Structures are given as C-alpha cells and as structure tokens.
C-alpha cells in the first residue's frame, strides 16, 4: 500500500472519529414524536414493587370523543376501578393509599418502587411537542409559561417542592417553541438505586433532584455547554488538524523522488 493511500485511510478515520465525537457531545435527549394532538386520558401506572398502582384521571369530555374504542374502554375501566386519582395498594378491591390530583402523561410521571415518592413534569407542553415552530411565542405568553410550575415533587401525596420553569432553565432564548408552548424538556430518568431524578432541559442543563426530599442536589451543563465536553471537543479537533497536517506533509512533500528511488546499480 502506498503512503498516499495509507494517508487517506488514516485521515478518513480521524475525520470520522471527530464527527462522532461532535455528535456525541452535542446530542440531547429528546421526547418521543407524536404526530397528533393528544388529550388527557385516564391511565394506571404500576410501581416497580408490583404491589401498587398510580391512577391518574384525564378529561372525561375528551375521553368520550376518543375515536379509538380500545383507549376509550381502557380510560373507562381505570375510572371505574380507581375512582379517586392517587396511589392504590393492589388487592380486591384496590385500597387507596393517598390521593394525588393533577395530570401529566404517564411518561412524564416518575415513581419510586413503593410509590411513596412521585416526581411529575407539569404543564401541557406535551400536547404540541411534535410540532416545533419557527416562530417564537408572544413575549407575554412566554413569560407566563416561564413563571408556571414545571416540576412538582410529592411524598405520600403531599407536595414537598415545586419548581417553576424559570428556576430550571438558564437560557430561555435557546428553548424551542411550538405554536402554543415552550418545549423545554429534553428527557428525564429516575435512578432507583440512589433515589436521584435526573432532568435534562433543551438549553443543555442537567438538574438532579433527591426524590425523598424533593430538593435539587446538583446542577450541571450537558452537551456542548459542559466545560469538559468543550475541552474534549477542542482537543479532538486540534489533534485531528495537527495529524492531518503531518500526513499531508509526509504524503505530498516528503515523498521520495524517482531519482532517489532508483537502484544505484542502474546508474
């Protein structure tokens, strides 16, 4: 294999690594796509211990208009089996442990294994999360949504902490908008092992909440906003450029001439 071909292969590998590094550090968790306007529908969400069920009641008027018969039947069954929204101990019949009012979709409600602690991402932004818009919301609408509750933490059905959206984000101008909402969440996960709830925002923040107390225990930047990620990206790009320059010099400028490569016996 000639030096030229070897140089091209190595350079291609370096550029590929750089691209993957950039893609990794700037990626953000995103919500699931839903190409329809959803409505609040009743549901029951089991806990990890298999002994409890959290029931949430949706909008009965919207449920009556559901076109999908299966979903409509399911919502009716949830309301009949769990007449009060809240946590139930499974049995015959289920026993209400505590009441919990309010509504968020089941993928925006996070429970500890025993159901005692609940973290709920609030608001109805989820209705239009599949429709990011090019335009920004009017200033007064944006301010109202920034001042609205974004996360609530509950213990045994009692509110322990409430965080407004303004308290969770650091750069509202970077948050995408739909025609009706600020689309601020970028994913979340509850770590059952240490009782930590990790919330990601679209302006590259990671907020860690202790689910037992409801208090924020850590704030950090993610993606390109993370100082470590910026340092890693800078070093990777710098090394790639330096190696590309060396390969270019070695391949094109230091290639042996035909005269230098001739057999001395042939002179």
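Here, each number is a calculation from the coordinates, and none is a lab measurement. Fair warning: this is a prediction, and the values are worked out from it, not measured in the lab. So basically every Cβ, Gly included, is an ideal-geometry build from the backbone, and we count neighbours across all protein chains shown.
R0 = 45 Å: FRET efficiency of residue 131 with residue 92, Cβ-based, nearest 0.05? Intermediate results must be reported in sequence, preceding the final value.
On the way: r = 44 Å, r/R0 = 0.97.
Calculated value: 0.55.
Taking N as the residue count of segment 34-221, its C-alpha radius of gyration divided by 2.2 N^0.38 Å amounts to 1.06. Averaging 1/r over each pair of different alpha-carbon atoms in segment 83-187 and inverting the result gives 15.3 Å, the Kirkwood hydrodynamic radius. Counting every other Cβ atom within 10 Å of each residue's Cβ, 165, 243 order from fewest to most as 243, 165.
Given an 8 Å cut-off on Cα distances and at least 6 residues of separation, report the relative contact order of segment 34-221 as a percent. Spell out each step's value before the answer.
Details: 376 pairs, mean separation 29.4, N = 188.
Result for segment 34-221 is 16 percent.
Sort out for me the Cα centre separation of segment 79-138 from segment 196-223, rounded to whole Å. Answer, in whole Å: 19.
Give the calculated FRET efficiency between residue 139 and residue 191 to the nearest 0.05, with a Förster radius of 41 Å applied to their Cβ-Cβ distance.
Numbers: r = 37 Å, r/R0 = 0.91.
Result of the calculation: an efficiency of 0.65.
I'm checking a number: the convex hull volume of the Cα atoms of segment 148-221, normalised per residue, in Å³. What is it?
Values: hull volume 6.9 nm³, N = 74.
In segment 148-221, the Cα convex hull volume per residue is 94 Å³.
Among 42, 73, 104, the ranking by other beta carbons within 10 Å of each residue's beta carbon, starting with the fewest, stands as 73, 104, 42. Estimated from the Cβ-Cβ distance and a Förster radius of 41 angstrom, the FRET efficiency linking residue 77 and residue 220 is about 0.45.
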